[in-house]
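A quick write-up on the structure given underneath.
Here, each number is a calculation from the coordinates, and none is a lab measurement. It should be emphasised that the depicted structure is a prediction, and the values quoted were computed from it without experimental measurement. So basically every Cβ, Gly included, is an ideal-geometry build from the backbone, and we count neighbours across all protein chains shown.
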Amino acid sequence: MLWPRLRWCGVWVVGGAAALFVANLFGGRAMLVAVGLLGGCWLLLALDGVRTGWRWRGIGIPALLLVLLPVVAVPFAGFAGGRVLYWSHVAPSWWSLRSHGPAFDAALAGGELPPGAVAVDRDGNRTAFRTIGDPSAHWAGIVHDPTDRLTAARGWNGGPVGRDIAAMFGSTTIWCQRLDSHWFHCQFG
């Protein structure tokens, strides 16, 4: 009886991670819906744990153990959710660069914008192809940096960002992840 419940918990966790990943691809309101659904699913799982713990107390399983399992899992879910969110930001940029690499190379030389890019910004020898966001607020982009200095922008979850790259393209550099050779996915705010 416990195995089907654990299997459904696994389905909810994998499904939730996939929902976050897809919602991040679409951005905006899709992310709000996915986060709301995940919060609701977490509440349902917690309530189901409480109900199951109460029912199983008669067969010798401490009810408190099953009630506390969802609470103990919160830090692990937070860590896993953070990694899913991180890669759900990076993977679409990686896929776009991989699929349209020649278009990005041509755009570096002054050609047309590659598919998925909405604008181009230049800051010295660095070029950013904006892919997400409002130009006056937070935005993301695929950045070409021939100096590879953007490897020092590890700001996800409060990591360090080098002083020389903290302000680029008229924005604050939040974090970057290498995609390929001199290409990075970066978040700005």
_Residue list for segment 161-189, given a label point 7 angstrom along the Cα-to-Cβ vector of A119 and an amide N cut-off under 11 Å_ = 170-171
*With a ≥ b ≥ c taken as the square roots of the eigenvalues of the C-alpha gyration tensor of segment 89-136, please select rounded if a/c is under 1.5 and otherwise prolate if a/b is larger than b/c or oblate if it is not?*
oblate
